[in-house]
1. Determine whether Thr75 is of a type in the set (S, T, N, Q) and either assigned to a loop (DSSP other than H, G, I, E, B) or out of contact with any strand residue (DSSP E or B) (no Cβ under 8 Å at 6 or more places or on another chain) (or both).
2. Taking the conditions exactly as written (in a strand (DSSP E or B), farther than 23 Å from Gly159 by Cα and either within 23 Å of the chain's Cα centre (by Cα) or of a type in the set (S, T, N, Q) (or both)), does Gln26 satisfy them or not?
3. Looking at the range 116-132 only, could you name the residues that are assigned to a helix (DSSP H, G or I), in contact (Cβ under 8 Å) with a residue 24 or more places away in the chain and more than 14 Å from Ile66 (Cβ to Cβ)?
4. Of these, Ser110, Ser169, Ser180, which one is under 21 Å from Asp62 (Cα atoms), at pLDDT 95 or above and in a helix (DSSP H, G or I)?
5. Among Val51, Val65, Val58, Val40, which is surrounded by 18 or more Cβ atoms within 10 Å (Cβ to Cβ) and either under 11 Å from the mean Cα position of the chain (by Cα) or modelled with pLDDT under 90 (or both)?
6. Please list, ordered by first then second residue, the pairs with beta carbon atoms under 7 Å, 6 or more apart or interchain, first in the range 15-27 and assigned by TED's automatic domain parsing to the domain that holds Leu82, second surrounded by 20 or more Cβ atoms within 10 Å (Cβ to Cβ) and of a type in the set (Gly, Ala, Ser).
7. Scan the range 258-277 for residues that are part of a helix (DSSP H, G or I) and either touching a residue at least 40 places away in the same chain (Cβ under 8 Å) or surrounded by 15 or more Cβ atoms within 10 Å (Cβ to Cβ) (or both) and report the count.
8. Specify which of the listed residues (Ala165, Ala210) is closer than 16 Å to Phe105 by Cα, of a type in the set (A, V, I, L, M, F, W, C) and within 16 Å of the chain's Cα centre (by Cα).
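The values are calculated or read from the model by the stated rules, or taken from the named source; none is laboratory data. What you see is a predicted model; the values in this text were computed from it and never measured. Here the Cβ is made from the backbone with ideal geometry for all residues, glycine too, and neighbour counts use every protein chain on show.
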Amino acid sequence: MTERLRKQDYFEDPTLPLQVYIRDPQPEFPLHAHGFDELVIILRGAAMHIVDNYQFPVKSGDVFVISGKHKHQYTRMNGLALANILFDSHTLQMSQWDIRALPGFHALFSLEPVLRAQQKFNSRLHLSERQLNHVNELIHDLTRETKTGNPGYRVMAKGLFMQMAVYLSRCYSDEPSDESINLLRLGNAIVHIETCFAEPTTLDELAAKAHLSKRHFQRIFHECMNRSPIEHLLHVRIQNAAELLRKTPRSITEIAFDCGFHDSNYFTRQFRKVMDQTPQQYRRKQSEE
């Protein structure tokens, strides 16, 4: 039976959805999954990484994300040392970060973990010595903030993690391999959806940005994002509309048009489908809180 690691056992501060564990050396640990995501930076050495019955060699400088649903462990370790940065993407509200305008962010955090077996781990991020040294400094600072608990440490820890995520996302785009280029192209299509959501968009246009046929693009997109491209576009439009409902007094019709809807009645139906309440109910509830 696969062990499942729980957040309450690994996040020392329940109000901070971040925790750093430096494994030097990495001990033997059985096959496991966890109720959180994990950013892994291989600091030194090498090993075989088993993920969902697939095996991939890892070495110093490799960086990858393990989402909670995947089972994994390390075997045949040779001086393996790594940093495990545990994080809860939902509590951190990563879906609202403007880092999502970087194709490398989607490639590293969303696409590569899902397509790892298909890409045979060749689409992973691998840092140069200089890049790894810089990330090591960020890891050191993040560890200090989470361990000392000085006033303001939660803000500092989140800021350092965001800084690391931006840096790694940019690194992913700097010198892409053939396999990572494919993920960056797919990431570019996601960026277009999330930054140009108010503009008319077709499946053909999105597939062209990903350099894929429409059918293949739809299949890969759904596999990675757990929804179709059009469903994701609708979700992004609704989330942006919800923010405008919270933060502005503008009319529902104005908000609907600003978020890419050309019919306020259709907007209301779709908003209710996603948010389980009408725009009017949502705005009223937010104003009462």
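1. Working: of a type in the set (S, T, N, Q): yes; either assigned to a loop (DSSP other than H, G, I, E, B) or out of contact with any strand residue (DSSP E or B) (no Cβ under 8 Å at 6 or more places or on another chain) (or both): no.
No, not satisfied.
2. Numbers: in a strand (DSSP E or B): no; farther than 23 Å from Gly159 by Cα: yes; either within 23 Å of the chain's Cα centre (by Cα) or of a type in the set (S, T, N, Q) (or both): yes.
No, not satisfied.
3. The initial filter retains those residues of the range 116-132 that are assigned to a helix (DSSP H, G or I), namely 116-119, 129-132.
If we keep only those that are in contact (Cβ under 8 Å) with a residue 24 or more places away in the chain as well, we get 116-117, 119, 129, 131-132.
Those that are assigned to a helix (DSSP H, G or I), in contact (Cβ under 8 Å) with a residue 24 or more places away in the chain and more than 14 Å from Ile66 (Cβ to Cβ): Gln119, Glu129, Gln131, Leu132.
4. Values: Ser110 fails: at pLDDT 95 or above; Ser180 fails: at pLDDT 95 or above.
Going through Ser110, Ser169, Ser180 in turn, just one is under 21 Å from Asp62 (Cα atoms), at pLDDT 95 or above and in a helix (DSSP H, G or I): Ser169.
5. Values: Val51 fails: either under 11 Å from the mean Cα position of the chain (by Cα) or modelled with pLDDT under 90 (or both); Val58 fails: either under 11 Å from the mean Cα position of the chain (by Cα) or modelled with pLDDT under 90 (or both); Val40 fails: either under 11 Å from the mean Cα position of the chain (by Cα) or modelled with pLDDT under 90 (or both).
The match here is Val65.
6. Here the result reads Leu16/Ala157; Leu18/Ala157; Val20/Ala83; Ile22/Ala83, each pair linking the range 15-27 to a residue that is surrounded by 20 or more Cβ atoms within 10 Å (Cβ to Cβ) and of a type in the set (Gly, Ala, Ser).
7. The first filter runs over the range 258-277 and keeps only residues part of a helix (DSSP H, G or I), leaving 258, 264-275.
If we keep only those that are either touching a residue at least 40 places away in the same chain (Cβ under 8 Å) or surrounded by 15 or more Cβ atoms within 10 Å (Cβ to Cβ) (or both) as well, we get 258, 264, 267-268, 270-272, 274-275.
Total meeting the criteria: 9.
8. Every option except Ala165 fails the conditions.
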